[in-house]
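These notes are about the structure you will find just below.
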Amino acid sequence: MSSLTPRERRKLEDLLGMSSGYVLDFSNNSFARFFEEEVNRDIYGGAYSGNGSSKANHLRSFWTKEDDSLVGRVIHGLLEHCRDTGHSALERQALFRDCEAIAARLAQAKPVEDIEAIDGDTEDFQKVAKAARECFERNEPEQGLDRLHTFLVKFLRKLCEEHDIPRDRSVPLGGLMGAYVKRVKEEGLLTSQMAEHILKTATTIFGQYDYVRNNHTMAHDNPVLAYDEALLIASNVASTVRFIKACEEKWKLARQQEEGAAAEDLDIPF
């Protein structure tokens, strides 16, 4: 559900001429095509018909059901349509600027909450992370799952290297994650059963991600996952990566402190 306020809705409805039941100068066909091209949604497919059959009511239902990021993209697209067609709404400059600000506010929302965790510390790693991250920042998780899988493989291989875990390039995601969880547990780095449970659950999820990548992403000629399923997978992966990174930082700091204390003990004056 979007966070559009009643005041924002009134401004948008006023600019878009929705009191008549229409939206700008769209016909039914061009309105359907607009939603398909902008956000890959079937505006007349039934999901947005709860408020009535008019274009305005379909748009109101879309605002109610979808999240800020998606609604922001649609509003931005409608404003761009005004510019492209020279629609009379452009003449209402103050109201038009207010609606631009509404679209910008909504667009700042992140469809994947922990997407910033998808990042690397080398140039090559950063390129892979950026390619994945940009898909989700554009709110196109269906296209980003393949790139996110590539990032996750590199991320887990790097973790295995840092923890001296023998690995082979043929080992799938689930195997890499399982070996990582086993090693950090052996090293005594997991201090709660909850953390261990979360990471073991992630092992199962990552194991299934291999299948999804090969059979339901744009990596091959596949039928891709629906938007909401792709978003669920991406959100779960990003939050797990963020959690692992936070744990790794905590563990590294603890090791540095232990090494520092050991060095002080050895520094015995004569």
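The values are calculated or read from the model by the stated rules, or taken from the named source; none is laboratory data. Just so it is clear, the structure is predicted and the values come from calculations on it, not from any experiment. Glycine gets a Cβ as well: all are built from the backbone with ideal geometry, and neighbour counts include every protein chain shown. Each accessible area value is taken on the protein alone, full model and side chains, heavy atoms only, with ligands, DNA and RNA left out. Shrake-Rupley method; radii C 1.70, N 1.55, O 1.52, S 1.80 Å.
Values as computed for the structure displayed
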quantity	calculated
Index of the failed condition, residue 128 passing every other in (1) in contact (Cβ under 8 Å) with a residue 40 or more places away in the chain; (2) surrounded by 16 or more Cβ atoms within 10 Å (Cβ to Cβ)	(1)
Residue list for region 33-62, restricted to those being open to solvent by less than 30 Å² (accessible area, probe 1.4 Å) and of a type in the set (A, V, I, L, M, F, W, C)	34, 35, 39, 43, 56, 59, 62
From 161, 100, 116, residue being in a helix (DSSP H, G or I), modelled with pLDDT of 90 or more, of a type outside the set (Lys, Arg) and open to solvent by 70 Å² or more (accessible area, probe 1.4 Å)	161
Residue match in region 210-219 (condition: under 21 Å from the mean Cα position of the chain (by Cα), assigned to a helix (DSSP H, G or I) and of a type in the set (Ser, Thr, Tyr))	yes
Complete set of residues in region 1-23 that are assigned to a loop (DSSP other than H, G, I, E, B) and closer than 16 Å to residue 62 by Cα	1, 2, 3, 4, 5, 21, 22, 23
Matching residues, region 1-36, being of a type in the set (Asp, Glu) and over 20 Å from residue 87 (Cα atoms)	8, 36
Index of the failed condition, residue 107 passing every other in (1) surrounded by fewer than 20 Cβ atoms within 10 Å (Cβ to Cβ); (2) in contact with a helix residue (DSSP H, G or I) (Cβ under 9 Å, 6 or more places away or on another chain); (3) free of Cβ contacts under 8 Å to residues at least 24 places away in the same chain	(3)
Conditions (1) within 22 Å of residue 228 (Cα to Cα); (2) modelled with pLDDT under 95; (3) assigned to a loop (DSSP other than H, G, I, E, B): number failed by residue 52	(1)
Residues being open to solvent by 20 Å² or more (accessible area, probe 1.4 Å), part of a helix (DSSP H, G or I) and either farther than 14 Å from residue 43 by Cα or among the hydrophobic types (A, V, I, L, M, F, W, C) (or both) - total across region 63-77	3
Whichever residue in region 131-141 is surrounded by fewer than 20 Cβ atoms within 10 Å (Cβ to Cβ) and part of a helix (DSSP H, G or I) and, among such residues, is modelled with the lowest pLDDT	137
Unique match (being open to solvent by 90 Å² or more (accessible area, probe 1.4 Å) and either assigned to a helix (DSSP H, G or I) or of a type outside the set (Lys, Arg) (or both)) among 196, 229	229
